[in-house]
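What follows is a single structure, written as C-alpha coordinates, with notes after it.
The values are calculated or read from the model by the stated rules, or taken from the named source; none is laboratory data. Every value quoted in this text rests on a predicted model; they were computed, and no experiment measured them. Glycine gets a Cβ as well: all are built from the backbone with ideal geometry, and neighbour counts include every protein chain shown. In case anyone asks, the SASA skips ligands and DNA or RNA and just uses the protein heavy atoms, side chains included. Shrake-Rupley method; radii C 1.70, N 1.55, O 1.52, S 1.80 Å.
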Amino acid sequence: MANEPLPIDPSACVTASQLVRQFGMWQQRAIEQPVFVMRRGQPSLVITSFNLMRRLCSSAAGDDAGTVLAQLFNSLREAVLVIDHDGGIIDTNRAAQKTFAIGEAAARGRPLSRLLPPAIARALIGHVAVATRSNVAGQLALAILGRRFAVVVAPHPAGALLLFEDRTHDAIGETLAAMLAALDEASRSTGAVAALRVDLHGYVDPPSPSLAALTGSADAADVPLRFTSLFDTESKAAVTDAIAATLWDGQKRTIAARLRCADGGTLKVSLCIAPECAGASTTAVAAIMVADRLADRHD
(Lines give C-alpha, C1' and ligand atoms only; values in the text may rest on other atoms or scores of the structure.)
Protein backbone atom coordinates (compact mmCIF):
# COMPACT_ATOMS: atom_id res chain seq x y z
CA MET A 1 0.00 0.00 0.00
CA ALA A 2 2.79 2.44 0.84
CA ASN A 3 4.24 2.19 -2.67
CA GLU A 4 0.97 2.73 -4.53
CA PRO A 5 0.90 5.95 -6.60
CA LEU A 6 -0.98 8.84 -5.03
CA PRO A 7 -4.08 9.67 -7.13
CA ILE A 8 -3.99 13.35 -8.15
CA ASP A 9 -7.00 15.22 -9.50
CA PRO A 10 -5.80 17.48 -12.37
CA SER A 11 -8.30 20.15 -11.28
CA ALA A 12 -6.50 20.32 -7.91
CA CYS A 13 -3.10 21.10 -9.50
CA VAL A 14 -1.67 24.62 -9.66
CA THR A 15 1.69 26.18 -10.49
CA ALA A 16 3.46 28.38 -7.93
CA SER A 17 2.85 31.51 -10.02
CA GLN A 18 -0.87 30.73 -10.37
CA LEU A 19 -1.07 30.08 -6.63
CA VAL A 20 0.38 33.50 -5.86
CA ARG A 21 -1.92 35.31 -8.30
CA GLN A 22 -5.07 33.56 -7.06
CA PHE A 23 -4.15 32.68 -3.50
CA GLY A 24 -7.61 33.31 -2.07
CA MET A 25 -9.32 30.94 -4.51
CA TRP A 26 -6.77 28.14 -4.04
CA GLN A 27 -6.79 28.64 -0.27
CA GLN A 28 -10.56 28.00 -0.31
CA ARG A 29 -10.06 24.89 -2.49
CA ALA A 30 -7.41 23.59 -0.11
CA ILE A 31 -9.97 23.68 2.69
CA GLU A 32 -12.21 21.39 0.64
CA GLN A 33 -9.52 19.07 -0.76
CA PRO A 34 -5.69 18.93 -0.98
CA VAL A 35 -4.14 21.23 -3.61
CA PHE A 36 -0.95 20.12 -5.37
CA VAL A 37 1.63 22.76 -6.30
CA MET A 38 3.38 21.63 -9.47
CA ARG A 39 6.99 22.15 -10.52
CA ARG A 40 8.18 21.07 -13.95
CA GLY A 41 5.09 18.94 -14.36
CA GLN A 42 5.51 17.08 -11.06
CA PRO A 43 3.86 17.70 -7.64
CA SER A 44 6.26 19.56 -5.36
CA LEU A 45 4.10 20.76 -2.46
CA VAL A 46 0.68 19.91 -1.01
CA ILE A 47 -1.59 22.53 0.57
CA THR A 48 -4.37 21.20 2.74
CA SER A 49 -6.64 22.21 5.60
CA PHE A 50 -5.60 22.13 9.23
CA ASN A 51 -8.46 19.75 10.06
CA LEU A 52 -7.35 17.23 7.43
CA MET A 53 -3.73 17.48 8.56
CA ARG A 54 -4.82 16.94 12.16
CA ARG A 55 -6.75 13.80 11.14
CA LEU A 56 -3.79 12.51 9.14
CA CYS A 57 -1.44 13.08 12.04
CA SER A 58 -3.76 11.55 14.62
CA SER A 59 -4.21 8.45 12.43
CA ALA A 60 -0.48 7.84 12.11
CA ALA A 61 0.05 4.79 14.32
CA GLY A 62 2.64 5.41 17.00
CA ASP A 63 3.64 8.80 15.61
CA ASP A 64 3.31 12.02 17.53
CA ALA A 65 1.58 14.73 15.47
CA GLY A 66 4.46 17.12 16.02
CA THR A 67 6.91 14.52 14.76
CA VAL A 68 4.86 13.96 11.59
CA LEU A 69 4.65 17.67 10.87
CA ALA A 70 8.38 18.06 11.47
CA GLN A 71 9.05 15.23 9.02
CA LEU A 72 6.87 16.91 6.40
CA PHE A 73 8.59 20.26 7.02
CA ASN A 74 12.04 18.76 6.66
CA SER A 75 11.16 16.68 3.59
CA LEU A 76 10.45 19.77 1.48
CA ARG A 77 12.90 20.33 -1.35
CA GLU A 78 12.49 24.09 -1.05
CA ALA A 79 14.24 26.07 1.69
CA VAL A 80 11.73 27.40 4.23
CA LEU A 81 12.25 30.02 6.93
CA VAL A 82 9.60 30.84 9.54
CA ILE A 83 10.08 34.41 10.75
CA ASP A 84 8.27 36.71 13.16
CA HIS A 85 6.86 40.14 12.26
CA ASP A 86 10.16 41.82 13.11
CA GLY A 87 12.24 39.53 10.91
CA GLY A 88 13.53 37.21 13.62
CA ILE A 89 14.00 33.59 12.54
CA ILE A 90 11.73 31.19 14.42
CA ASP A 91 12.39 27.95 12.54
CA THR A 92 14.15 26.51 9.47
CA ASN A 93 13.88 23.24 7.59
CA ARG A 94 16.81 21.07 6.49
CA ALA A 95 16.79 22.50 2.97
CA ALA A 96 17.17 26.02 4.39
CA GLN A 97 20.00 24.95 6.68
CA LYS A 98 21.82 23.46 3.67
CA THR A 99 21.05 26.37 1.34
CA PHE A 100 22.23 29.04 3.77
CA ALA A 101 24.93 26.91 5.44
CA ILE A 102 23.64 27.34 8.96
CA GLY A 103 22.68 24.98 11.78
CA GLU A 104 19.14 24.80 13.12
CA ALA A 105 20.08 25.97 16.61
CA ALA A 106 22.25 28.80 15.31
CA ALA A 107 19.47 30.08 13.06
CA ARG A 108 16.74 30.35 15.70
CA GLY A 109 16.46 33.82 17.15
CA ARG A 110 18.87 35.27 14.59
CA PRO A 111 17.66 38.37 12.71
CA LEU A 112 17.03 37.74 9.04
CA SER A 113 19.53 40.51 8.25
CA ARG A 114 22.33 38.35 9.72
CA LEU A 115 21.46 35.40 7.50
CA LEU A 116 20.85 37.30 4.25
CA PRO A 117 22.32 40.52 2.81
CA PRO A 118 20.69 43.46 4.67
CA ALA A 119 19.04 44.93 1.55
CA ILE A 120 17.43 41.57 0.72
CA ALA A 121 16.33 41.08 4.34
CA ARG A 122 14.66 44.52 4.33
CA ALA A 123 12.86 43.72 1.06
CA LEU A 124 11.55 40.44 2.47
CA ILE A 125 10.39 42.02 5.73
CA GLY A 126 8.55 44.64 3.66
CA HIS A 127 6.77 41.85 1.77
CA VAL A 128 5.96 40.16 5.08
CA ALA A 129 4.19 43.32 6.23
CA VAL A 130 2.15 43.46 3.00
CA ALA A 131 1.26 39.75 3.17
CA THR A 132 0.22 40.10 6.81
CA ARG A 133 -2.05 43.09 6.15
CA SER A 134 -3.69 41.58 3.08
CA ASN A 135 -3.59 37.94 4.22
CA VAL A 136 -2.47 37.09 0.68
CA ALA A 137 0.80 35.42 -0.29
CA GLY A 138 3.24 37.31 -2.48
CA GLN A 139 6.19 36.33 -4.63
CA LEU A 140 9.40 38.03 -5.67
CA ALA A 141 12.56 37.09 -7.55
CA LEU A 142 15.90 37.53 -5.75
CA ALA A 143 19.57 36.86 -6.40
CA ILE A 144 21.13 35.50 -3.20
CA LEU A 145 24.63 34.10 -2.69
CA GLY A 146 25.19 33.82 -6.43
CA ARG A 147 21.93 31.93 -7.03
CA ARG A 148 18.49 32.95 -8.28
CA PHE A 149 15.41 32.27 -6.17
CA ALA A 150 11.67 32.68 -6.51
CA VAL A 151 10.59 33.52 -2.97
CA VAL A 152 7.01 33.02 -1.80
CA VAL A 153 6.04 35.10 1.23
CA ALA A 154 2.97 33.57 2.90
CA PRO A 155 1.14 34.83 6.03
CA HIS A 156 1.67 32.79 9.20
CA PRO A 157 0.19 33.29 12.70
CA ALA A 158 3.64 34.09 14.06
CA GLY A 159 4.68 36.24 11.10
CA ALA A 160 5.38 34.65 7.73
CA LEU A 161 6.70 31.64 5.88
CA LEU A 162 9.46 32.35 3.38
CA LEU A 163 9.73 29.59 0.78
CA PHE A 164 12.82 29.79 -1.44
CA GLU A 165 12.59 27.90 -4.75
CA ASP A 166 16.00 27.72 -6.42
CA ARG A 167 15.57 28.84 -10.03
CA THR A 168 19.27 29.04 -10.86
CA HIS A 169 19.15 26.14 -13.29
CA ASP A 170 15.99 27.57 -14.87
CA ALA A 171 17.79 30.86 -15.52
CA ILE A 172 20.80 29.02 -16.94
CA GLY A 173 18.44 26.95 -19.08
CA GLU A 174 16.79 30.07 -20.48
CA THR A 175 20.19 31.52 -21.41
CA LEU A 176 21.28 28.27 -23.04
CA ALA A 177 17.97 28.02 -24.88
CA ALA A 178 18.54 31.46 -26.38
CA MET A 179 22.08 30.48 -27.42
CA LEU A 180 20.79 27.23 -28.88
CA ALA A 181 18.13 29.08 -30.88
CA ALA A 182 20.81 31.31 -32.39
CA LEU A 183 23.00 28.29 -33.17
CA ASP A 184 20.03 26.49 -34.70
CA GLU A 185 19.33 29.43 -36.98
CA ALA A 186 22.97 29.52 -38.10
CA SER A 187 23.05 25.74 -38.60
CA ARG A 188 19.94 25.73 -40.79
CA SER A 189 21.75 27.42 -43.68
CA THR A 190 24.35 24.63 -43.90
CA GLY A 191 21.85 21.78 -44.33
CA ALA A 192 24.43 19.46 -42.73
CA VAL A 193 24.24 20.35 -39.03
CA ALA A 194 21.31 20.45 -36.60
CA ALA A 195 21.30 21.86 -33.06
CA LEU A 196 18.42 20.93 -30.78
CA ARG A 197 17.20 20.45 -27.22
CA VAL A 198 15.75 17.23 -25.77
CA ASP A 199 13.35 17.83 -22.89
CA LEU A 200 12.58 15.76 -19.79
CA HIS A 201 10.08 13.58 -21.69
CA GLY A 202 12.39 12.81 -24.61
CA TYR A 203 10.96 15.30 -27.11
CA VAL A 204 12.75 17.82 -29.32
CA ASP A 205 11.36 20.99 -27.76
CA PRO A 206 11.29 23.66 -29.04
CA PRO A 207 11.04 22.43 -32.65
CA SER A 208 14.27 22.77 -34.63
CA PRO A 209 14.39 24.52 -38.04
CA SER A 210 17.91 23.17 -38.61
CA LEU A 211 16.66 19.62 -38.02
CA ALA A 212 13.89 20.25 -40.56
CA ALA A 213 16.49 21.37 -43.10
CA LEU A 214 18.62 18.30 -42.38
CA THR A 215 15.83 15.71 -42.64
CA GLY A 216 13.56 17.43 -45.13
CA SER A 217 10.65 17.11 -42.67
CA ALA A 218 8.64 20.29 -42.10
CA ASP A 219 7.24 18.82 -38.85
CA ALA A 220 10.63 19.17 -37.20
CA ALA A 221 10.31 22.96 -37.50
CA ASP A 222 6.71 23.14 -36.29
CA VAL A 223 5.95 20.53 -33.61
CA PRO A 224 7.90 18.70 -30.87
CA LEU A 225 8.99 15.24 -32.05
CA ARG A 226 10.18 12.29 -29.96
CA PHE A 227 13.95 12.38 -30.36
CA THR A 228 14.48 8.65 -30.81
CA SER A 229 11.87 8.57 -33.60
CA LEU A 230 14.32 10.53 -35.75
CA PHE A 231 16.65 7.53 -36.05
CA ASP A 232 16.43 4.16 -37.76
CA THR A 233 15.61 0.98 -35.84
CA GLU A 234 19.23 -0.11 -35.44
CA SER A 235 20.25 3.26 -33.96
CA LYS A 236 17.39 3.81 -31.51
CA ALA A 237 18.76 1.68 -28.66
CA ALA A 238 22.18 3.34 -28.79
CA VAL A 239 20.63 6.83 -28.90
CA THR A 240 18.30 6.03 -25.97
CA ASP A 241 21.18 4.66 -23.88
CA ALA A 242 23.41 7.64 -24.67
CA ILE A 243 20.76 10.17 -23.58
CA ALA A 244 19.96 8.27 -20.38
CA ALA A 245 23.64 7.94 -19.46
CA THR A 246 24.36 11.62 -20.14
CA LEU A 247 21.43 12.82 -18.04
CA TRP A 248 22.50 10.47 -15.25
CA ASP A 249 26.20 11.27 -14.95
CA GLY A 250 26.43 14.66 -16.70
CA GLN A 251 29.10 13.47 -19.15
CA LYS A 252 28.81 14.34 -22.85
CA ARG A 253 28.84 11.49 -25.41
CA THR A 254 29.34 11.16 -29.14
CA ILE A 255 27.96 8.20 -31.08
CA ALA A 256 27.39 7.22 -34.71
CA ALA A 257 23.79 6.78 -35.84
CA ARG A 258 21.54 6.85 -38.87
CA LEU A 259 19.08 9.71 -39.16
CA ARG A 260 15.77 9.10 -40.94
CA CYS A 261 14.78 11.50 -43.72
CA ALA A 262 11.35 12.55 -44.97
CA ASP A 263 11.76 10.70 -48.27
CA GLY A 264 12.43 7.35 -46.56
CA GLY A 265 16.21 7.38 -46.80
CA THR A 266 18.75 7.66 -43.96
CA LEU A 267 21.89 9.66 -43.32
CA LYS A 268 24.94 8.51 -41.40
CA VAL A 269 25.51 11.12 -38.71
CA SER A 270 27.65 11.86 -35.71
CA LEU A 271 25.50 12.63 -32.68
CA CYS A 272 26.92 14.59 -29.74
CA ILE A 273 24.80 14.75 -26.56
CA ALA A 274 25.55 16.90 -23.51
CA PRO A 275 23.62 17.94 -20.36
CA GLU A 276 22.01 21.38 -20.54
CA CYS A 277 23.45 22.27 -17.14
CA ALA A 278 26.68 21.17 -15.50
CA GLY A 279 26.43 17.79 -13.79
CA ALA A 280 23.39 15.53 -13.83
CA SER A 281 20.51 17.22 -15.65
CA THR A 282 16.93 16.63 -16.80
CA THR A 283 17.44 18.20 -20.22
CA ALA A 284 20.03 17.58 -22.92
CA VAL A 285 21.31 19.48 -25.92
CA ALA A 286 22.28 17.58 -29.04
CA ALA A 287 24.24 18.33 -32.19
CA ILE A 288 23.76 16.18 -35.29
CA MET A 289 26.48 16.42 -37.94
CA VAL A 290 26.61 14.89 -41.42
CA ALA A 291 30.10 14.42 -42.93
CA ASP A 292 28.97 14.00 -46.54
CA ARG A 293 25.27 14.44 -47.11
CA LEU A 294 25.23 13.12 -50.68
CA ALA A 295 27.93 10.46 -50.71
CA ASP A 296 26.56 8.77 -47.58
CA ARG A 297 22.94 8.60 -48.72
CA HIS A 298 21.16 5.20 -48.43
CA ASP A 299 17.72 4.61 -49.99
Query raised in the report: Residues Ile120, Ile31: which one is among the hydrophobic types (A, V, I, L, M, F, W, C), modelled with pLDDT under 80 and surrounded by 12 or more Cβ atoms within 10 Å (Cβ to Cβ)?
Result: Ile31
**Report entry** Residues that are open to solvent by 20 Å² or more (accessible area, probe 1.4 Å) and either out of contact with any strand residue (DSSP E or B) (no Cβ under 8 Å at 6 or more places or on another chain) or closer than 14 Å to Ile90 by Cβ (or both), drawn from the stretch 156-165
**Finding:** His156, Pro157, Ala158, Leu161
Report task. Look through the stretch 234-262, keep the residues that are out of contact with any helix residue (DSSP H, G or I) (no Cβ under 7 Å at 6 or more places or on another chain) and outside any helix (DSSP H, G or I), and return whichever of them is most open to solvent (accessible area, probe 1.4 Å). Result -> Gln251
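Across the stretch 209-232, what is the total count of residues that are small (Gly, Ala, Ser) and either under 22 Å from the mean Cα position of the chain (by Cα) or part of a helix (DSSP H, G or I) (or both)? Reasoning before the result, please.
Applying the first criterion (small (Gly, Ala, Ser)) to the stretch 209-232 yields 210, 212-213, 216-218, 220-221, 229.
Narrowing further to those that are either under 22 Å from the mean Cα position of the chain (by Cα) or part of a helix (DSSP H, G or I) (or both): 210, 212-213, 220-221, 229.
The number of residues fulfilling the criteria is 6.
For the stretch 17-38, what are the residues that are of a type in the set (Phe, Trp, Tyr) and assigned to a helix (DSSP H, G or I)? It would help to see each step written out before you state the result.
Step one: of the stretch 17-38, the residues of a type in the set (Phe, Trp, Tyr) are 23, 26, 36.
Within the stretch 17-38, Phe23, Trp26 qualify.
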